[in-house]
Amino acid sequence: MKENVMNNSEARCAQSCRGLCAAIDAALQREKETILQYASLRDKCQYPEVNSMLNELILQCQKSILLIEDAKSFLKSKFEVLEQIQDSFDL
């Protein structure tokens with residue numbers, strides 16, 4: 001099986017996900033960690049403009065998480081269909 005190292009990430013792409021894509025999982029983890037980091041910075045800062053900016057960044061990350069989760073769900077469904085098609089040829 002061919003493996004490629006993905007740029008700027010520890011995830012390896014085996015190009016045969018079977019419903020579990022390392023790139024999507026890494027992106028989700030990164031967004032969740034970013035939210036925690038922004039929230040921590042926001043909680044330590046008392047400057048209103050900085051708090052507002054960090055809140056906006058947190059909202060953007062939350063939207064990104066929803067987008068990534070939707071893509072993950074779509075790909076999982078797609079992989080299931082492809083697997084069913086493959087299984088029908090194995091009979």
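Assorted remarks:
- Using only alpha-carbon positions in the stretch 24-90, the gyration tensor eigenvalues give semi-axes of 40, 9, 5 Å once each is multiplied by 5 and square-rooted (largest first).
- Eligible lysines near residue 44 by straight Cα distance, threshold 28 Å, same-chain separation 8 or greater: 32, 63
Read-outs throughout are calculated quantities, based only on the coordinates presented, and are distinct from any laboratory measurement. It should be emphasised that the depicted structure is a prediction, and the values quoted were computed from it without experimental measurement.
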